[in-house]
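A.B. asks: This is the structure I want to talk about, given as structure tokens.
The values are calculated or read from the model by the stated rules, or taken from the named source; none is laboratory data. The shown structure was predicted, so the numbers you read here are calculated from the model rather than taken from an experiment. Cβ coordinates were reconstructed from backbone atoms using ideal geometry, including for glycine residues, and neighbour counts include every protein chain displayed. Note: areas computed on protein heavy atoms with side chains; ligands, DNA, RNA excluded. Shrake-Rupley method; radii C 1.70, N 1.55, O 1.52, S 1.80 Å.
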Amino acid sequence: MAYQKPKGTADILPGAVEKWQFIESVARETFKRYEFHEVRTPIFEHYDVISRSVGDTTDIVSKEMYDFYDKGDRHITLRPEGTAPVVRTFVENKLFGPEFQKPFKTYYMGPMFRYERPQAGRLRQFHQLGVEVFGSENPATDVETMLMALDFYKQLGIKHLNLVINSLGSKEDRETYRQALVDYLTPFKENLSADSQKRLVENPLRVLDSKDPKDKEIVVNAPSILDYLSEESSAFFKQVTTMLDALNVEYTIDHRMVRGLDYYNHTIFEIMSEAPGFEGAITTICAGGRYDGLVEELGGPATPGFGFALGVERTLITLDAEGIEIPCETEVDAYVVGLGEATNIETLKLVQSIRDAGFVAERDFLNRKAKGQFKTANKLNAKVVLTLGETELAEGKIQMKHMASGKQVEVNLADVHENFKKQYDLVVKSVEG
Ligand code: HAM
């Protein structure tokens with residue numbers, strides 16, 4: 001029986017993996033310009049780290065965790081997101097200490113796991129590029145971090161984006177709003193979806209996020225959280241929008257936007273793709289916000305936080321939707337054609353010498369005839385082909401052909417081993433200039 005990959009996962013194969021590498025390298029290069037440094041945390045965490053951060057009543061924790069008890073009876077979960085693990089490592093490694101730069105700016109990339117219903121852009125193992133900033137209460141941090149996400153997309157050539165923002169205020173603001181929302185929703189209770197009736201009790205703000213058409217109708221006239229912000233919270237949000245305006249960044253305020261994770265307060269944001277060719281319903285490609293209080297919740301000193309994560313799979317869909325091609329062909333510099341058993345060892349030595357000189361080299365391993373080997377060389381787009389027959393081997397020579405021009409020269413085997421670059425430059429430069 002031939003096995004298939006688990007549902008909601010993907011194999012990333014050569015031909016596609018180059019796009020991933022490109023996205024990752026653009027992310028590294030972008031985050032570096034903003035002075036973010038990488039952290040790598042384990043793929044699995046203690047269940048409590050996630051449940052205490054993300055929240056017990058969220059879909060992520062209550063329905064989607066890949067959790068299990070290990071052989072030592074520890075409650076473990078594959079990480080569903082990166083913020084809680086990074087906060088855990090921030091506290092555990094005392095990254096708030098005086099020897100660390102403040103704010104502490106860090107990024108991560110890697111697989112996350114959620115037991116969701118798979119569809120286009122929604123997987124059970126998906127990949128995030130995420131960033132977190134610790135120790136800044138300055139709204140400029142919110143703005144800089146959102147700008148960095150936009151900058152990343154700009155570097156990829158993605159244009160049709162909508163930055164959507166909202167404020168959830170402080171914990172106290174949210175309590176007041178929560179009550180107002182419950183008061184508003186309760187008369188409609190019978191008409192709400194079963195899920196939302198449950199949310200009304202456990203986590204009323206989540207009703208605002210319901211995809212159910214009837215819920216959506218009811219929610220249209222719900223009170224706005226922005227009317228329940230304290231003066232201080234309002235002023236903070238105003239500073240964020242003022243800064244976005246000052247930097248000529250376009251954005252939309254959506255007072256009904258809430259997030260699927262409980263740790264947020266004040267600024268939250270999502271970036272949606274508005275590419276005309278975007279297929280499928282999920283257009284949120286990046287999301288994040290402020291989470292003052294989470295470091296304390298996980299046992300650290302009071303430290304404000306802000307961050308986001310973007311999905312690599314959704315970035316790839318966006319690139320496609322925008323018709324952006326990523327160069328993913330590998331260039332082979334030299335292909336060595338070896339003819340006859342006797343050339344097998346020398347051919348191996350030759351490709352190694354060429355690689356030692358810093359070039360990409362390939363050879364035949366299947367005893368193909370000259371024609372077949374040249375065909376492969378062409379397929380690989382080899383710049384030069386070196387042909388070694390038994391006669392050449394005996395004479396210590398090899399034929400080197402520049403494929404684009406057909407120009408061929410004979411060179412000494414010893415020269416290829418000693419200084420391939422010189423031979424290569426002679427042939428290539430003489431034709432290409
Ligand atoms: P999130 O909204 O749960 O936030 O996920 C962020 C992004 O990850 C989404 O916008 C999407 O691009 C991608 N994503 C999430 N779930 C899936 C899935 N099942 N399949 C494919 N892509 C997915 C967080 O995870 C927060 N930790 C973000 C954050 C960082 N907030 C502050 N710092």
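A.B. asks: For F68 and R368 in one chain, what is 0.36 nm times their gap in residues minus the Cα-Cα distance, to one decimal in nm? List each step's numbers first, then the result.
C.D. replies: Working: separation 300, 0.36 × 300 = 108.00 nm, distance 5.15 nm.
Going from the current span to full extension adds 102.8 nm.
A.B. asks: Additional query: Can you tell me the 0 to 90 degree angle between the C-alpha axis of helix 139-156 and the longest principal axis of the chain, rounded to 10?
C.D. replies: Roughly 30 degrees between the two axes.
A.B. asks: Which one, F359, V312, G299, projects farthest toward the positive side of the charge dipole computed for the chain from Cβ point charges (K/R +1, D/E -1)?
C.D. replies: Of the options given, the answer is F359.
A.B. asks: Taking R0 as 35 Å, what FRET efficiency do you get between D415 and K379 from their Cβ-Cβ distance, rounded to the nearest 0.05?
C.D. replies: Details: r = 28 Å, r/R0 = 0.79.
For R0 = 35 Å, the calculated efficiency reads 0.80.
A.B. asks: Net charge within 13 Å of R178 by Cβ-Cβ distance, Lys/Arg positive one each and Asp/Glu negative one each, not counting R178 itself? Don't skip to the answer; put the middle values down first.
C.D. replies: On the way: positive: K171, R174, R199, R206; negative: E172, D173, E175, D183, E202, D262.
Within the 13 Å Cβ shell, the charges total -2.
A.B. asks: If you take the charge dipole of the chain about its Cα centre, with +1 on Lys and Arg Cβ and -1 on Asp and Glu Cβ, which of L168, M1, G15 is farthest toward its positive end?
C.D. replies: The residue sitting farthest along the positive end of the dipole is M1.
A.B. asks: Using alpha carbons only, how many degrees (0 to 90, rounded to 10) separate the axis of helix 344-356 from the longest principal axis of the chain?
C.D. replies: Once rounded, the angle reads 50 degrees.
A.B. asks: Taking the chain as the reference, fit the longest principal axis to its C-alpha atoms, fit the long axis of helix 413-432 to the helix C-alpha atoms, and give the angle between the two in degrees, 0 to 90, nearest 10.
C.D. replies: 70
A.B. asks: Next question, about the same structure. Over the heavy atoms of K154, what accessible area does a 1.4 Å probe trace out, to the nearest 10 Å²?
C.D. replies: Result for K154: roughly 150 Å² accessible.
A.B. asks: So if the hydrodynamic radius of the chain is defined as the Kirkwood radius over C-alpha pairs, what does Stokes-Einstein give as its diffusion coefficient at 10 °C and 1.306 mPa s, in µm² per second?
C.D. replies: Values: Rh = 25.4 Å.
Rounded to a whole number, D works out at 63 µm²/s.
A.B. asks: Now, a different point. Specify whether the C-alpha gyration tensor of the range 2-74 places it in the rounded, prolate or oblate class, a ≥ b ≥ c being the square roots of the eigenvalues: rounded for a/c under 1.5, otherwise prolate if a/b is larger than b/c and oblate if not. It would help to have the intermediate numbers written out before the result.
C.D. replies: Working: a/c = 2.32, a/b = 1.32, b/c = 1.76.
Oblate, since a/c reaches 1.5 and b/c is not below a/b.
A.B. asks: How large is the dipole of the chain about the Cα centre if only Lys and Arg carry +1 and Asp and Glu carry -1, each at its Cβ, rounded to the nearest 20 debye? The partial results should precede the final answer.
C.D. replies: Values: 52 positive and 67 negative charges, 244 e Å.
Approximately 1180 debye in magnitude.
A.B. asks: Can you compute log10 of I(q)/I(0) for the range 102-194 with the Debye formula, treating each Cα as one identical point scatterer, at q = 0.11, 0.14, 0.17, 0.18 Å⁻¹?
C.D. replies: Calculated log10 I(q)/I(0) at the listed q: -0.62, -0.93, -1.11, -1.13.
A.B. asks: On average, how much accessible surface per residue is there in the range 1-141, in Å², for a 1.4 Å probe, leaving out ligands, DNA and RNA?
C.D. replies: Values: 7760 Å² over 141 residues.
Spelled out: the 1.4 Å probe surface of the range 1-141, per residue, equals 55 Å².
A.B. asks: 5 Å is the cut-off here: which amide hydrogens, built 1.01 Å from N in the peptide plane, fall below it relative to C286, excluding neighbours closer than 5 in sequence?
C.D. replies: Those lying under 5 Å, H to H, from C286 are I271.
A.B. asks: Which value, in Å³ per residue, describes the convex hull spanned by the Cα atoms of the range 334-432? Can you show the working numbers first?
C.D. replies: Details: hull volume 8.4 nm³, N = 99.
Spelled out: Cα convex hull of the range 334-432, divided by residues, is 85 Å³.
A.B. asks: Just flag the chymotrypsin sites (Phe, Trp or Tyr not before Pro) in the range 1-98 sitting in loop per DSSP whose Cβ has no more than 13 other Cβ atoms within 10 Å. Before the final figure, lay out each step's value.
C.D. replies: Numbers: sites: Y3, W20, F22, F31, Y34, F36, F44, Y47, Y66, F68, Y69, F90, F96; in loops: Y3, Y34, F36, Y66, F96.
When the chymotrypsin sites (Phe, Trp or Tyr not before Pro) of the range 1-98 are filtered for loop state and at most 13 Cβ neighbours within 10 Å, Y3 remain.
A.B. asks: About the Cα centre of the range 334-432, what is the dipole size in debye to 20, counting +1 per Lys and Arg Cβ and -1 per Asp and Glu Cβ, all else neutral? Display every interim value, and only then the final one.
C.D. replies: Numbers: 15 positive and 13 negative charges, 100 e Å.
My answer is approximately 480 debye.
A.B. asks: Once phi is turned into θ = phi - 60°, what whole-Hz ³J(HN,Hα) does the Karplus curve with 6.51, -1.76 and 1.60 give for every residue of the range 190-202, x standing for Gly and Pro?
C.D. replies: These are the phi-based 3J(HN,Hα) values: 4, 8, 6, 5, 4, 4, 6, 4, 5, 4, 3, 7, 8 Hz.
A.B. asks: Ranked highest first by average number of other Cβ atoms within 10 Å, how do 54-64, 356-366 line up? Show your work: numbers first, answer last.
C.D. replies: Numbers: 54-64: 17.9, 356-366: 15.6.
Going from most to least packed, we get 54-64, 356-366.
A.B. asks: Something else now. In nm², what is the average projected area of the convex hull enclosing the Cα atoms of the range 242-395?
C.D. replies: Working: hull surface 69.8 nm².
That works out to 17.4 nm².
A.B. asks: While we're here: Carbon and sulfur: what percent of the range 27-154's accessible surface (1.4 Å probe)? All intermediate terms of the calculation are to be shown ahead of the outcome.
C.D. replies: On the way: 3030 of 6040 Å².
The C+S portion of the solvent-accessible surface of the range 27-154 is 50 percent.
A.B. asks: Name the residue from V427, A414, L388 whose Cα lies farthest towards the positive end of the charge dipole of the range 334-432, charges +1 on Cβ of Lys and Arg and -1 on Cβ of Asp and Glu.
C.D. replies: Going by the Cα projections, it comes out as V427.
A.B. asks: With a probe of 1.4 Å, find how much accessible area the range 334-432 has per residue, and write the answer as a whole number in Å². The partial results should precede the final answer.
C.D. replies: Details: 5500 Å² over 99 residues.
Per-residue value: 56 Å².
A.B. asks: Can you give me the Cα centroid spacing of the range 132-195 and the range 326-402 in angstrom?
C.D. replies: If you average the Cα positions of each part, the centres end up 57 Å apart.
A.B. asks: Under the Kirkwood approximation for Rh and a Cα-based Rg, what ratio Rg/Rh is obtained for the range 177-269? Could the numbers behind the result be given before it?
C.D. replies: Values: Rg = 14.7 Å, Rh = 14.4 Å.
Over the Cα atoms of the range 177-269, Rg/Rh equals 1.02.
A.B. asks: Roughly how many debye, to the nearest 20, is the charge dipole of the range 125-206 about its Cα centre, given +1 on each Lys and Arg Cβ, -1 on each Asp and Glu Cβ, and no other charges?
C.D. replies: Numbers: 9 positive and 12 negative charges, 71 e Å.
Its charge dipole is roughly 340 debye.
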